[in-house]
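The values are calculated or read from the model by the stated rules, or taken from the named source; none is laboratory data. Quick caveat, the model's predicted, so the values are computed rather than measured. Cβ placement follows ideal geometry from the backbone for every residue including glycine, while neighbour counts extend to all protein chains displayed. Surface areas here come from the heavy atoms of the whole protein model, side chains and all, with no ligands, DNA or RNA. Shrake-Rupley method; radii C 1.70, N 1.55, O 1.52, S 1.80 Å.
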Amino acid sequence: MSKESREVVAEAQLHEKIASGLEKLYLLAKAGYGPGGGTVLLEQKYGDPMLSRDGVTNVRRLYLEDPTENMAVRSAIQASSKSNKSVGDGTTAVTLLAYLLYIEARKLVAAGYNRLQVAQSLREDSWVVVEQVEKLSAPFTKDMLTSIAKTSTGDEALAG
């Protein structure tokens, strides 16, 4: 049995650490979000620093010193990876939404709402969002793919 001690975090401090970790992830994801997103400089454990404009790369390489904050980050990244596996994109958007939903849910709980009811409402309301996205979706064309590739690579020759 390991003699390594584990940190015990009280509930109020736990929520602060989760919020802090998710905010750091949010800021990183936001920095490289969308076609107008900027370049992020990432430190690597081994080797030279890396420049990246890819949201997936950015968020997956974030590791935080605080173990509780890092667990929150890893959980959010796991959720965004599921989006990427099922639809091939949306990692950064899911990361941003996860943070914003968590912050808004915390506000509701702080205002006296029952946390289980807040969680149930989020699950139920997610279907409304899915329905709206389906209504707004358009058939995917080769021109759209070329445009996305051009934006991603910054090179028309590679995109075509």
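Taken as a whole, region 96-106 holds no residue that is of a type in the set (Lys, Arg) and without any contact (Cβ under 8 Å) to a residue 40 or more places away in the chain. Look at residue 119 and say whether it is open to solvent by less than 40 Å² (accessible area, probe 1.4 Å), out of contact with any Leu (no Cβ under 8 Å at 6 or more places or on another chain), at pLDDT 85 or above and of a type in the set (Gly, Ala, Ser). For residue 119, the condition - open to solvent by less than 40 Å² (accessible area, probe 1.4 Å), out of contact with any Leu (no Cβ under 8 Å at 6 or more places or on another chain), at pLDDT 85 or above and of a type in the set (Gly, Ala, Ser) - is met.
Candidates 61, 123: the one that is touching a strand residue (DSSP E or B) at 6+ places or on another chain (Cβ under 6 Å) and basic (Lys, Arg) is 61. The set of residues in region 72-108 that are assigned to a helix (DSSP H, G or I) and among the small types (Gly, Ala, Ser) comprises 72, 75, 76, 79, 80, 81, 83, 86, 93, 98, 105. Could you go through region 14-33 and let me know if any residue there is on the phi > 0 side of the Ramachandran plot and in a loop (DSSP other than H, G, I, E, B). No; the residues of region 14-33 include none that is on the phi > 0 side of the Ramachandran plot and in a loop (DSSP other than H, G, I, E, B).
Which residues, taken from region 82-95, are surrounded by 11 or more Cβ atoms within 10 Å (Cβ to Cβ) and either in contact (Cβ under 8 Å) with a residue 40 or more places away in the chain or closer than 14 Å to residue 55 by Cα (or both)? Across region 82-95, the qualifying residues are 83, 84, 89, 90, 91, 92, 93, 94, 95. Are any of the residues in region 45-52 surrounded by 14 or more Cβ atoms within 10 Å (Cβ to Cβ) and at pLDDT 80 or above? Within region 45-52, one or more residues are surrounded by 14 or more Cβ atoms within 10 Å (Cβ to Cβ) and at pLDDT 80 or above. Right, residue 48: in a loop (DSSP other than H, G, I, E, B) and under 24 Å from residue 122 (Cβ atoms) or not? For residue 48, the condition - in a loop (DSSP other than H, G, I, E, B) and under 24 Å from residue 122 (Cβ atoms) - is not met. Restricting attention to region 1-44, the residues that are within 16 Å of residue 80 (Cα to Cα) and either modelled with pLDDT of 80 or more or in contact with a His (Cβ under 7 Å, 6 or more places away or on another chain) (or both) total 11.
Just checking, does region 54-71 include any residue being part of a helix (DSSP H, G or I), free of Cβ contacts under 8 Å to residues at least 12 places away in the same chain and surrounded by 13 or more Cβ atoms within 10 Å (Cβ to Cβ)? No, the conditions are met nowhere in region 54-71.
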